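Peer 1: The structure under discussion is supplied below as structure tokens; questions concerning it will follow.
Nothing in this text is a laboratory measurement; each read-out follows from the coordinates by a stated rule. Please read all numbers here as calculations on a predicted model, not as lab measurements. Positions of Cβ are backbone-derived with ideal geometry, glycine not excepted, and every protein chain shown enters the neighbour counts.
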Amino acid sequence: MVVRQASSRGYLFLFLQIIIFAMMETTISAPVSFTANAIAEIKRLMNEDGFDSTKALRVGVKGGGCSGLSYVLGFDDKQDTDEEYDVEGIKFVMNQAHGIYLMGMEIDWHGGLNARGFTFSNPNASKTCGCGTSFAV
């Protein structure tokens with residue numbers, strides 16, 4: 001029986017490629033983005049005395065509101081159906097099913113006297129309400 005050296009090297013090379021591929025981390029980009037102002041405000045909230053560090057920042061939607069759906073942004077327990085993301089050092093969770101409503105959304109923070117709070121710019125919203133937290137797709 002004749003064994004070719006080239007074949008052995010070929011199998012070894014393929015084996016090493018498979019090992020390297022298996023060791024690579026898959027990076028999933030976050031479906032939503034945060035402005036610098038939003039990141040600063042979230043970090044400020046997380047650094048306040050009494051903050052429960054066991055909670056995760058939750059981004060999502062729920063039924064209700066003037067237009068049919070409302071945004072969810074707050075600290076909550078991670079659930080089994082959640083995906084976890086990291087944006088500039090802020091870990092947040094989102095129910096997998098909510099991605100269809102929130103993909104591409106930008107969350108901003110306004111700290112002015114007249115318009116104070118988080119705002120949501122959602123390219124998937126077909127209409128929004130004057131309150132700024134309710135939308136329809």
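Peer 1: Can you give the Kirkwood hydrodynamic radius of segment 55-126 from its Cα pairs, in Å with one decimal?
Peer 2: For segment 55-126, the Kirkwood estimate is 13.2 Å.
Peer 1: Here is a follow-up. How much of the DSSP bridge set in segment 30-136 is antiparallel, in percent, rounded to the nearest 5?
Peer 2: Antiparallel bridges: around 85 percent, rounded to the nearest 5.
Peer 1: Going by how many other beta carbons lie within 10 Å of each one, how would you line up Arg58, Arg116, fewest first?
Peer 2: Going from least to most buried by this count: Arg116, Arg58.
Peer 1: Give the aspartates and glutamates reachable from Lys55 as a straight Cα distance under 12 Å; neighbours fewer than 8 places away on the same chain don't count.
Peer 2: Within the straight-line cut-off, Lys55 pairs with Asp76, Asp77.
Peer 1: For segment 30-136, build the charge dipole from Cβ charges (+1 Lys, Arg; -1 Asp, Glu) around the Cα centre, then report which of Ile100, Thr35, Gly112 sits farthest towards its positive end.
Peer 2: The listed residue farthest towards the positive side: Gly112.
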